[in-house]
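Some notes on the structure that comes next.
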Amino acid sequence: MTKIIWSQPAVSDLEKLHDYIAKDSVVYADAFILKILNAVDQLAHFPKSGRVVPEIHQEHTRELIVGHYRIVYDIVGPALYRSGAGHRPRSDWSGAGQAP
């Protein structure tokens with residue numbers, strides 16, 4: 001099983017995302033953050049389940065798409081480093097294989 005290590009910027013991204021969504025609904029903010037956490041947790045068992053980040057083209061740098069957000073991570077030996085989350089514009093969806 002792969003160990004997941006969250007970087008401080010990744011934790012900060014998650015907190016900012018929660019705060020942004022919570023302006024409209026704390027319930028939806030909690031639910032969406034839980035959805036992201038569950039998606040990241042699956043990486044412990046299937047670290048290569050995300051696709052290679054297209055603009056980087058490095059096998060070890062991958063992303064998961066959750067809603068309109070992409071979760072970028074690096075596989076380094078037996079560990080997975082969660083590096084960040086960000087909004088993904090609709091124009092970037094082509095070729096993703098995973099519609100939001």
Qualifying trypsin sites (Lys or Arg not before Pro) in region 1-44, DSSP loop, other Cβ atoms within 10 Å at most 11
K23
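So how do D74, D13 line up by other beta-carbon neighbours within 10 Å, fewest first? Walk me through the intermediate numbers first.
Details: D74 17, D13 21.
Fewest-to-most ranking of D74, D13: D74, D13.
Each value in this text was obtained by applying a stated rule to the coordinates, not by laboratory testing. Remember, it's a predicted structure, so these values are computed and weren't measured experimentally. Cβ sites come from the backbone with ideal geometry, for glycine too, and all protein chains shown count toward neighbours.
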